[in-house]
Amino acid sequence: MENYGVQIFGSDIESLSFAAEKVSKDFDILDINMGCPAPKVVKNGDGSKLLQNLDLVGSIVEEVVRASSTPVSVKIRKGWSKSNDVSIEAAKIIEQAGASMITIHGRTRDEFFAGEVDLEAIKKVKEAVHIPVIGNGNIVDEKSALKMFEYTGVDGIMIGRASIGNPWIFKQIIHYLQTGEKLPSISNQEKLETMIKHIELEVEQKGERVGIPELRKHMACYIKNLPNASKIRVRINQINTKGELISFLKECF
């Protein structure tokens with residue numbers, strides 16, 4: 001069984017309520033992003049900036065839960081900075097406001113994606129609430145996934161950046177958790193086929209003008225372990241059509 005979720009972000013309650021009502025009916029879960037550290041997001045008071053205003057956090061979750069026709073989850077970080085670790089307080093507020101699940105990234109906004117993830121903070125959030133908690137941050141392979149589960153007791157894990165250029169990470173981790181064994185490495189042929197499918201889906205959704213530039217960072221991650229990867233990346237960044245990109249990748253592989 002596959003479940004599909006949609007994520008919204010913002011700090012204006014009325015806008016978030018409107019968005020929740022419009023999109024929730026088409027998905028299995030509606031997530032509110034209160035963890036994004038990107039400057040273009042936090043400068044508007046959105047994402048992890050909300051963790052500096054927990055009253056607003058509670059009000060947003062309450063209203064989105066009311067407007068949504070599907071369960072609501074919330075993604076947070078530990079807090080804004082080292083001196084602003086509000087993860088437990090925020091989690092309790094979110095639970096009380098009616099959310100069905102919390103995802104916690106074990107870093108502050110100031111840390112972005114650097115340094116070790118604070119597994120202890122994730123564990124404390126799991127112990128502080130009664131709704132499911134998802135652990136996030138620095139899960140890059142089978143062993144780091146297992147460590148997240150064993151140390152924190154979370155109900156699930158979320159993988160983000162480690163899946164860019166490596167969509168196989170999900171089946172690899174699931175297999176390892178179920179059997180204790182690692183799957184064989186992905187062949188270059190399977191990698192090429194996946195890249196082509198990725199390109200076709202992106203262009204189908206967004207067209208070449210938007211889709212091809214968006215694909216460049218993904219292609220760079222797919223090829224990072226190939227010989228002459230830096231030269232290949234330079235060439236990819238000069239390509240603007242689907243056909244030329246696919247032909248070039250076939251040559252490379």
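The values are calculated or read from the model by the stated rules, or taken from the named source; none is laboratory data. Nothing here was measured: the structure is a model prediction, and the numbers come from that model. A quick note on method: Cβ atoms are made from the backbone with ideal geometry, for glycine too, and the neighbour counts reach across all protein chains shown.
Only residues in segment 84-106 that are over 23 Å from Ala145 (Cα atoms) count as the first member; pair them with residues that are among the acidic types (Asp, Glu), Cβ under 8 angstrom, at least 6 apart or cross-chain, and list the lot. From residues that are over 23 Å from Ala145 (Cα atoms), the pairs are Ala97/Glu62; Gly98/Glu62.
Scanning segment 158-215 for residues that are among the basic types (Lys, Arg) and under 19 Å from the mean Cα position of the chain (by Cα) turns up Arg161, Lys171. Scanning segment 13-37 for residues that are surrounded by fewer than 19 Cβ atoms within 10 Å (Cβ to Cβ) and either over 19 Å from Leu56 (Cβ atoms) or out of contact with any helix residue (DSSP H, G or I) (no Cβ under 9 Å at 6 or more places or on another chain) (or both) gives Ser15, Glu21, Lys22, Val23, Lys25, Asp26, Phe27, Asp28, Ile29.
Based on this model, can you work out whether Leu50 counts as surrounded by 19 or more Cβ atoms within 10 Å (Cβ to Cβ) and modelled with pLDDT of 95 or more? For Leu50, the condition - surrounded by 19 or more Cβ atoms within 10 Å (Cβ to Cβ) and modelled with pLDDT of 95 or more - is met. Note on segment 142-154: residues that are part of a loop (DSSP other than H, G, I, E, B) and either in contact with a strand residue (DSSP E or B) (Cβ under 6 Å, 6 or more places away or on another chain) or buried (at least 16 other Cβ atoms within 10 Å of the Cβ) (or both) amount to 1.
To keep it simple, each residue is scored yes or no on (1) farther than 30 Å from Glu150 by Cβ; (2) modelled with pLDDT of 95 or more; (3) touching a Leu at 6+ places or on another chain (Cβ under 7 Å); (4) not in a helix (DSSP H, G or I).
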residue: Ser185; (1), (2), (3), (4): no, no, no, yes
residue: Leu201; (1), (2), (3), (4): yes, yes, no, no
residue: Gly207; (1), (2), (3), (4): yes, yes, no, no
residue: Ile212; (1), (2), (3), (4): yes, yes, yes, no
residue: Phe248; (1), (2), (3), (4): yes, yes, no, no
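The residues of segment 66-101 that are part of a helix (DSSP H, G or I) and closer than 20 Å to Cys36 by Cβ, listed by number, are Ser87, Glu89, Ala90, Ala91, Ile93, Ile94.
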